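Structure record follows, encoded as structure tokens.
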Amino acid sequence: MKCSQAVLCFAAVGLVTAPATAATIFVSNNANDGTGSFRAAVAAANFDPSITSILFRRDLGTIALESTVIYSGPQDLNIDGRGTDIGSAAPQPFDLFVADGGGDLTLRSLTFRDGDNGVLVLIPPLAEGQVSVTLFDMTVIDNLRFGLSIDEDDPTPEAPFAASISLVVASSHFARNGLLDTDDEDEGDVDAVRVNERGDGDITAAVINSVFIDNGADGFELDEEGLGDATLTALGSSFDDNGVTRVGGDDGLDIDESDDGSIWLNVVDSTFNGSTDDGIGLDEEGGGDLHMTLVQVEASLNADSGISADEGDEGDYEVKFVLVTADDNLDKGADMTEAGDGDFDGRAVTSSFSFNADDGIAVEQLDAGSGVLHLVNVTIEDNGNQAIDADGVDVIENGPSS
């Protein structure tokens, strides 16, 4: 900076703020509060936007919280617990960790157990762009309600929710969350993982080498209520035995898209077995498309259908099954409906839809549009009703099927 007079230089320096240097704060003990505690570290990050990382000392054991820890800072924050276990010391359950500042959040090598909600991420209604949440090597177990909930914080017509949400869950374990004892249908709808996006943004999620098992409602649920898309990629993961306490049952994986966006589901080497409703349940109600690709997937022994996916308005429906097993379900192996004006285009290769209580495959195209389902080396045998129940869809078979 060049200044002709010293006073002008002084004024200019006062108006220009140098970029903050990212800082790390350390958790050195397992106390509920006080110097060196997790609570104090988060409070420091709330106060100082230069703090972007919280690092725990190794071998801290268990932190017994007495109340919720709340991160309200606007900056991105990375929390590395190095194997620390965080739970509740209070007789009444409370939310263990809440983040509501709108920055990206990364949680690594932590356990959250025995809370009301394990982790809540509340995104401010005026947030823009994309808010990212990343979990790696996490254990979230035995929380009364949600294991992880990502939602907007009280949106209003004057402050609509516009941000997109990105979620990555890798090498993590969610079990026995949402075991709330209630006969109320809405009150009991608490999943291991739930993401709500109610504005014009998208939901983009990836699940890698993770487990969602024995949870009260859905194992993993995405609700995209606005104009954006809901996209999930899952690799090497298990979504089994979910809907344990949910009235009427619930799914291993549930994706709902209720406006003009599309659903994109890509799954490789994963299981969706033993849930009290569908193994996979997809519902696309608006004008968007439904795209589903399953490779080396098992969806068996569920109390409803192994795979249930509906496209309920204008939009196309594209499905590819390769090495898929949907056997021994108490309804259908695969139940697919295209109810609007779009086309249905399906292909199943080297897959099995057998021993189901109803149809092996049920596929419908109910309005204007074409429908075709190609079956190559597909086994469909010993189902309680029809092998294939097709309405408005041409079925082209090549290889064994019965």
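The values are calculated or read from the model by the stated rules, or taken from the named source; none is laboratory data. Keep in mind that this is a model prediction, so the values were computed, not measured. Because the Cβ atoms are built from the backbone with ideal geometry, glycine has one as well, and the counts that use them run over all protein chains shown.
The strands (runs of 3 or more DSSP E) found wholly in the stretch 47-131 and carrying at least 3 residues that are surrounded by fewer than 17 Cβ atoms within 10 Å (Cβ to Cβ) occupy 77-88.
Counting just the residues of the stretch 307-356 that are at pLDDT below 95 and out of contact with any strand residue (DSSP E or B) (no Cβ under 8 Å at 6 or more places or on another chain), which one comes out farthest from residue 275 (Cα to Cα)? In this case the residue turns out to be 341. Scan the stretch 255-266 and tell me whether some residue there is over 24 Å from residue 138 (Cβ atoms), β-branched (Val, Ile, Thr) and touching an Asp or Glu at 6+ places or on another chain (Cβ under 6 Å). Looking through the stretch 255-266, at least one residue is over 24 Å from residue 138 (Cβ atoms), β-branched (Val, Ile, Thr) and touching an Asp or Glu at 6+ places or on another chain (Cβ under 6 Å).
Residue 305 falls short on exactly one of the conditions (1) surrounded by fewer than 24 Cβ atoms within 10 Å (Cβ to Cβ); (2) in contact with a Lys or Arg (Cβ under 7 Å, 6 or more places away or on another chain), and that condition is (1).
On inspection, residue 360 does not qualify as out of contact with any helix residue (DSSP H, G or I) (no Cβ under 6 Å at 6 or more places or on another chain), more than 24 Å from residue 271 (Cβ to Cβ) and not acidic (Asp, Glu). Counting the residues of the stretch 201-212 that are surrounded by 19 or more Cβ atoms within 10 Å (Cβ to Cβ) and of a type in the set (A, V, I, L, M) gives 4. A Cβ distance below 7 Å, combined with a sequence gap of six or more or placement on separate chains, defines the contacts here; from the stretch 121-136, residues that are touching a residue at least 40 places away in the same chain (Cβ under 8 Å) and over 19 Å from residue 110 (Cβ atoms) reach residues that are small (Gly, Ala, Ser) and in a loop (DSSP other than H, G, I, E, B) in the pairs 123/102; 123/163; 130/163.
Looking at the stretch 193-215, can you tell me whether even one residue there is among the basic types (Lys, Arg) and under 10 Å from the mean Cα position of the chain (by Cα)?
Yes, there is a match, as at least one residue in the stretch 193-215 is among the basic types (Lys, Arg) and under 10 Å from the mean Cα position of the chain (by Cα).
For the stretch 244-274, residues that are modelled with pLDDT of 95 or more and on the phi > 0 side of the Ramachandran plot total 2.
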